[in-house]
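Everything below concerns the one structure shown next.
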Amino acid sequence: MHKDVDSMSSASKRQLLRQLLASSAAEQQNTLLNATGKNAIPEEFYQFEKFPGYSMLSEQKKTFQTLKLDNPYFSVHHGVSDHVTNFNGKKYINYSGYNYLGLSGHPDVNNAARNAIDQFGTSVSASRIVSGEIPLHRELEKELAKIHDTESAIALVSGYSTNVSVIGHLFGPRDLVLHDSLAHNSIITGCILSGARRMVFPHNNWEALDQILRENRQDYERVLIVIEGVYSMDGDIADLPQFIKIKKKNHSILMVDEAHAAGVIGPRGLGSHDHFGINGNEVDIWMGTLSKAFASCGGYICGSNALIENIKYNSAGAILFSVGISPANTAAALQAARILQQEPERAARLRDRAKLFIERAKKKGLDTGLAEGTGVIPIITGNSIACLKLGQKLLDAGICVHPILYPAVPESEARLRFFITSNLAEDEVNYTVDTLAKEIKSLSNTDNSPLNTLS
C-alpha cells in the first residue's frame, strides 16, 4: 500500500505514522463493540497478544517496516560499554550508555567485584534485616553518605524501585506530593503507590511551585517536593537553592534525584550540593542510582539517621522483603565511589567534553534543548520519523545513539539523547557533531522540508 514511502514528504510520513499507531486502538474498540451476549468477555481481557501494550509494539514494528528502518532497540552489545561499544561485529562511538566516569571496566573496580565474590559468593541470599547484611554494605553506605554530606545512607538493589518503594513507604493518602513535570517515571510510580495527592509544577519553575503550596499546603499533613539534580531527558540542572527556600518556607520535605548528577556536576564531581556549594543536610532526601557514575547496579537514599532507620526497619519494598544488594555490585560501587572522590578530574573531563559538544553543535545550528553541559545532551529533531532516520544514518557512520520518541516525549520534542562520558576523545566529539550536521542537512534536503534541528 505504501510502496512509494521514499518519495513522501515529511508531513505525509508523520501522518502515516499517526494512522498506523491509531489503527490498533480502533481495532480494539471494534472488538469490544462486536462482543455479543451479556456475559461475553473480550479477548483483550485475557489474551496477552491482545493487550494494548503488545498491540502498540506490533504497530511500531509495522511502522519500522513501512519506513524501511531497522528496529534500534535491544541490540546485543559485546564487551564493556564505554566511549566505544561493539555490536553487529563493528565498533561504534557510544552515546547510548551512562558509564559516566569510565569506571565500569576499570581494573580496580573489576578486582573489587571478583574479590567480593570469592569472599561472599554471588548473592547475600536473604533480606538484609534477616541475614543478608555483609560488611561491604556498610562500607558503601558510609562512602555514599560522605559524598552527599549526610548523616547516613542505605543502598538498595534497584534505582527504579528505590524511588517507588521509598516514596510509597513514607507518604500516604493524607499527604501531598509535588513533582517537576519532567520527573522520571519511577518518581510518578512511587507517588501513585503512596496514595498521596499528586500535583505537577512546570519544569524547574520554583515560582509556580510556591504558588501551588500557598494555595494547598494547609490541606495536607506531609508535603513532599521531588526534583532531579540533572534531568534525564534534557540534561539541565535544577535551581536547587530556590527549591530549598520554598521547602523551608512551606514546612515541606525536599527530595532530589541525583541519578544523573552524582559523579558529574560540582567542582569535585559530588553532585548538586557540590555544584551549588551547600550543605548536604539542606536537602531532606537524596536519592541516587549505582548504575551510572558508580559503575554497578542498584539505588540508594542518603539523609538523616532518622530517615535511614525508618527505611531500614519499616520499608517493605526497599528492605524488609527484598534481598540485599549482591556482593559484587556492592564492592564495585564501593570502589567506584572511592575512585570518584580521589579523581575529580574524571568528572571535569566529562563536563569539558559536554561543553565542546554543545558549543560545536550550536555553531552548526543544532538544537540542544535545555542542555547545560552535564552528561545528557539532546538533539531535538521535532518529529519521530526524522529521529529514527537520523539515528540510523549515524549508526551507519559508526555512531551509536538512541532515539527518544513519542509518547516518552511530546512529538514536537522527539530527540536523539547523547550520554557524554569522561573517556570520550575530542576528535570523537568533533566527528559526531560534524556527522550530525551533515546527515541532518541531507535528510532535510531529501524530505524537502527543514528539520527542527536547523535554525
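A short reminder: the numbers here are calculations on the coordinates, not readings from a lab. Not measured: the values here are computed from a predicted model. Using ideal geometry, Cβ is built from the backbone for each residue, glycine included, and neighbour counts are taken over all protein chains shown.
Among F48, F64, rank each residue by its count of other Cβ atoms within 10 Å, from fewest to most, as a rough exposure measure.
Ranked by crowding around the Cβ, least crowded first: F48, F64.
Could you please rank D118, D257, placing first whichever residue has the fewest other Cβ atoms within 10 Å of its Cβ?
D118, D257
Work out from phi, with θ = phi - 60° and the Karplus expression 6.51 cos²θ - 1.76 cosθ + 1.60, the ³J(HN,Hα) of each residue of the stretch 39-44, listed in order in whole Hz, and give x for Gly and Pro.
3J(HN,Hα) across the stretch 39-44, in whole Hz: 9, 5, 10, x, 4, 4.
Could you give the dipole magnitude of the stretch 96-146 about its Cα centre, charging the beta-carbon of Lys and Arg +1 and that of Asp and Glu -1, in debye to the nearest 20?
80 debye
Could you tell me which of P403, L334, S194 has its Cα farthest along the dipole of the chain towards the positive end, charges placed at Cβ (Lys, Arg +1; Asp, Glu -1), taken about the Cα centre?
P403
Whose amide H sits under 5 Å from the amide H of V84, counting only residues 5 or more places off or on another chain, with H placed in the peptide plane?
N94
Within a 10 angstrom radius of the beta carbon, how do V433, V256 rank from fewest other beta carbons to most?
If I rank by nearby Cβ atoms, fewest first, I get V433, V256.
Stick to the Cα atoms of the stretch 297-445, pair each with every other, and give me the Kirkwood hydrodynamic radius in Å at one decimal.
Value: 18.1 Å, from the Cα pair sum.
So what are the ³J(HN,Hα) numbers for the stretch 266-283, from phi and the Karplus equation (6.51, -1.76, 1.60; θ = phi - 60°), rounded to whole Hz, Gly and Pro as x?
Listing the rounded values in order: x, x, 9, x, 8, x, 5, 5, 5, 4, 9, x, 10, 6, x, 6, 5, 10 Hz.
Could you size up the charge dipole of the stretch 301-455 around its Cα centre, putting +1 on the beta carbon of Lys and Arg and -1 on that of Asp and Glu, and report it in debye to the nearest 20?
The calculation lands at about 80 debye.
About its Cα centre, how strong a charge dipole does the chain have in debye, to the nearest 20, once Lys and Arg get +1 and Asp and Glu get -1 at the Cβ?
Charge dipole of the chain: 540 debye, to the nearest 20.
Given an 8 Å cut-off on Cα distances and at least 6 residues of separation, report the relative contact order of the stretch 107-342 as a percent.
Across the stretch 107-342, relative contact order equals 31 percent.
Which of L57, I308, A145 sits farthest toward the positive end of the charge dipole of the chain, with +1 on the Cβ of Lys and Arg and -1 on the Cβ of Asp and Glu?
Selected residue: L57.
Relative contact order, percent, of the chain when contacts are C-alpha pairs under 8 Å separated by at least 6 residues?
The normalised contact order for the chain reaches 20 percent.
Once every DSSP H run of n ≥ 4 in the chain is given -39500 (n - 2.57) and the sum is divided by its residues, what mean residue ellipticity at 222 nm do you get, rounded to the nearest 500 deg cm²/dmol?
-14000 deg cm²/dmol
Which entries of K68/K438; K248/K362; K68/K90; K292/K363; K62/K292 show an alpha-carbon separation above 27 angstrom in the structure shown?
From the list (K68/K438; K248/K362; K68/K90; K292/K363; K62/K292), the Cα-Cα distance tops 27 Å for K248/K362; K292/K363; K62/K292.
Can you give the % of DSSP beta bridges in the stretch 107-342 that are antiparallel, to the nearest 5?
40 percent
Of the options F120, H106, H77, report the single residue whose Cα projects farthest towards the positive end of the charge dipole of the chain (beta-carbon charges: Lys, Arg +1; Asp, Glu -1).
H77
Please give the contour-minus-distance gain from F51 to K90: 0.36 nm per residue of separation, less the Cα-Cα distance, rounded to one decimal in nm.
Additional length available on full extension: 10.4 nm.
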